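To keep things clear, I will list the structure first and then write my remarks on it.
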Amino acid sequence: MRSDAVKALGLVMTGSHERMKEIESNKALFESWKKANWDFACREFGGAENIVRFSVHRDERTPHIHCVVVPITPDGRLSAKYYKDGKVRLQGYQNRYAEAMAPFGLERGIESSLTGRKHIPTKEYYKSINKIDREIEQATKHLNTLNPFHRDKAKKELENVQDKIYSLEEENKLLKREVSYTKTTGKTVRDNFIKNSLERIKREVNLIQHVSSMGYVLDKAKSSKTWAVMEKEGDKILIKNSPNQNGHWMYKSLVDDQQKGTIVDFMEKRGFTYQSICGLSSSHLDDRVIRDQKGLSLEIQDTASRRYIAQEAFDKVKVHEKNNYLHCRGIERSTYEHYPSVKAGDQAVFALYKDLDHHGKGVMCSTISYGFDSKGSISEDDFVNSAK
């Protein structure tokens, strides 16, 4: 062992004051938080045998843990450099610690690479904040030593102190504005970072592959080349195998009519935090489910899925009262206005039903639409050919 070798590393593990006090007030939650910190330290620094101190401090303003580890590498060497070498490695600790603390309502701070702001050492920060109080106290103390009978001198000294106080108050205002700016800028940068990351996930991650990696299985009997019906433990969802007009991968729950949206909505509904969602990627996903879907028929067989697809297509039609497709074909609105199953816009879309009752009502199972193609000719689009 070298004489100048670093024999121990000190860690401080904690969170924001307000949230940590809430965690501390719940005995079971606080115990769980301590256990999560212990597990994190063991994972990151070579196991429990490398931890020589793990002390919970509750006597200061914010509960925190002091942890001391001996930097023994997996191959048995004493090397602090192995654990601390490089900015990326240190940021990795912060990222993984944030993931470990997410169940306790704690989030990672904003990286300096995003804010562009320089770190101010704690000692310097408090030195600036407390500067005014110290200098006013010192000036006042000096005044008290003056002989009260020397009024002119005392008056002049008082004026100097007042000028000093005014100057310090102005400096204090600047400091407060700086703190306010830091908070506001940090929130804006963080919000934009989250927004951009989630937008990327909505576009880049193939939702069919992703839910397959979560244990959802493609129901081949109910799916088609275009639509995938995926099931897992009673949860049943419908996914189109391509992004929508906004470039987003979308899903629809077939067991909850109110649940639909992007991959972000899907993950949030199932309890995942934004940190875990922002880490999603398609690069590691298995493409077998995509290959399986390519071998299916063109028509989707699942009744609930057909109903949803047809209803969505019908609802998307933007109605034009005049100069719509039917009007251009010489068919006036009075001819079809009493038929709710007809919508006319750039296309004329007709809803088709099945299982009609004696009142003529049933379940929408498909749509058929007519419109002009790029050459000005009439084109026909059947959503489900077999339902015509």
> Could you list, in sequence order, the residues of segment 214-231 that are in a loop (DSSP other than H, G, I, E, B) and at negative phi?
Replying inline: M214, Y216, D219, K220, A221, K222, S223, S224, K225, T226
> With respect to Y339, is the statement that it is part of a loop (DSSP other than H, G, I, E, B) and either under 32 Å from the mean Cα position of the chain (by Cα) or more than 29 Å from G105 (Cα to Cα) (or both) true?
Replying inline: yes
> Of all strands (runs of 3 or more DSSP E) completely enclosed by segment 1-113, which ones contain at least 3 residues that are open to solvent by 50 Å² or more (accessible area, probe 1.4 Å) and at pLDDT 90 or above?
Replying inline: 51-57
>> For the structure I just gave you, tell me whether S180 is small (G, A, S) and either surrounded by 12 or more Cβ atoms within 10 Å (Cβ to Cβ) or modelled with pLDDT of 70 or more (or both).
In response: no
> If you scan segment 279-291, which residues turn out to be buried (at least 16 other Cβ atoms within 10 Å of the Cβ) and outside any loop (DSSP other than H, G, I, E, B)?
Replying inline: V289, I290
>> So for segment 232-241 (the condition being touching a residue at least 60 places away in the same chain (Cβ under 8 Å), touching a strand residue (DSSP E or B) at 6+ places or on another chain (Cβ under 6 Å) and either open to solvent by less than 30 Å² (accessible area, probe 1.4 Å) or assigned to a helix (DSSP H, G or I) (or both)), does at least one residue qualify?
In response: yes
>> Can you tell me which of (1) of a type in the set (S, T, N, Q); (2) over 16 Å from H248 (Cβ atoms); (3) buried (at least 19 other Cβ atoms within 10 Å of the Cβ) is the one S276 doesn't meet?
In response: (3)
> Considering segment 205-249 alone, what residues qualify as being touching a Ser or Thr at 6+ places or on another chain (Cβ under 6 Å) and among the charged types (D, E, K, R)?
Replying inline: none
> Quick one: is V264 in contact (Cβ under 8 Å) with a residue 24 or more places away in the chain, outside any strand (DSSP E or B) and surrounded by 15 or more Cβ atoms within 10 Å (Cβ to Cβ)?
Replying inline: yes
>> Taking the condition of being among the basic types (K, R), closer than 15 Å to L9 by Cβ and in contact with a helix residue (DSSP H, G or I) (Cβ under 8 Å, 6 or more places away or on another chain), how many residues in segment 79-98 meet it?
In response: 2
> Residues of segment 299-327 being outside any helix (DSSP H, G or I), open to solvent by 20 Å² or more (accessible area, probe 1.4 Å) and closer than 19 Å to D235 by Cα, which ones?
Replying inline: Q301
> For segment 211-220, does any single residue satisfy the condition of being open to solvent by 70 Å² or more (accessible area, probe 1.4 Å), under 20 Å from L285 (Cβ atoms) and of a type in the set (A, V, I, L, M, F, W, C)?
Replying inline: yes
>> Go through segment 242-260 and report how many residues are closer than 22 Å to S197 by Cα and open to solvent by less than 10 Å² (accessible area, probe 1.4 Å).
In response: 1
>> Can you confirm whether E268 is of a type in the set (D, E, K, R) and over 22 Å from V217 (Cβ atoms)?
In response: yes
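The values are calculated or read from the model by the stated rules, or taken from the named source; none is laboratory data. Small disclaimer: the values here were computed from a predicted structure and weren't measured. Heads up, the Cβs are rebuilt from the backbone with ideal geometry, glycines too, and the neighbour counts pull from every protein chain shown. Keep in mind that these areas ignore ligands, DNA and RNA; they rest on the heavy atoms of the full protein, side chains included. Shrake-Rupley method; radii C 1.70, N 1.55, O 1.52, S 1.80 Å.
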